[in-house]
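Structure first, then comments.
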Amino acid sequence: MTAMTFDTPRRTAPSRPALRPAGQPVRLTRRGRLALLLVLAVLVLVAFSLGRESASAGSGSARVTRPTTVVQPGETLWAIARRVAPSADPRATVARLAELNDLGSAPIVAGQRLTLP
C-alpha cells in the first residue's frame, strides 16, 4: 500500500492595503473615532483640572480665614454668641453661627469646632 498525500493549500499573509493616494481624506473606523473621542475627552478633563487648580491656587492667598472655637461641655450657642459678640444681639449672633456652621436645628456637642462670625 502506498501512502497518500494531500496537497493542502498554503496560507499566505493577507496583503497590506496600498498607501493612500495624496489628496484623499483620511477615513476613520468606528474604533478609531471612539479612540479619538476618548483622547479628546481626557485632554479636556486635564485642561479643566489644571485650570481649576491654578484658579484655586491664585485665590488661596487672598482667602480670609475665620476664627474658630471648640464647644465646651454644657456650652450652648447662646453662651457662645454672648462670649464672641458681647455688645451684639445674641439672637442675630446665634443665627449667624448656625448659618456659618450649617447647623440648622442640629444640636451642638462638646468638642465640636465652630466657625465664628
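Side notes on the structure shown:
Each row is one residue, and each column tells you yes or no for (1) modelled with pLDDT of 90 or more; (2) of a type in the set (A, V, I, L, M, F, W, C); (3) not assigned by TED's automatic domain parsing to the domain that holds Asn101.
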{"site": "Thr2", "(1), (2), (3)": "no, no, yes"}
{"site": "Arg10", "(1), (2), (3)": "no, no, yes"}
{"site": "Leu43", "(1), (2), (3)": "yes, yes, yes"}
{"site": "Ala55", "(1), (2), (3)": "no, yes, yes"}
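- Region 91-105 - residue that is part of a loop (DSSP other than H, G, I, E, B) and surrounded by fewer than 17 Cβ atoms within 10 Å (Cβ to Cβ) and, of those, farthest from the chain's Cα centre (by Cα): Ser105
- Residues of region 65-90 classified as in contact (Cβ under 8 Å) with a residue 40 or more places away in the chain, surrounded by 14 or more Cβ atoms within 10 Å (Cβ to Cβ) and within 12 Å of Pro117 (Cβ to Cβ), total: 1
The values are calculated or read from the model by the stated rules, or taken from the named source; none is laboratory data. Not measured: the values here are computed from a predicted model. Don't worry about glycine lacking a Cβ; one is built from the backbone with ideal geometry, like all the others, and counts go over all protein chains shown.
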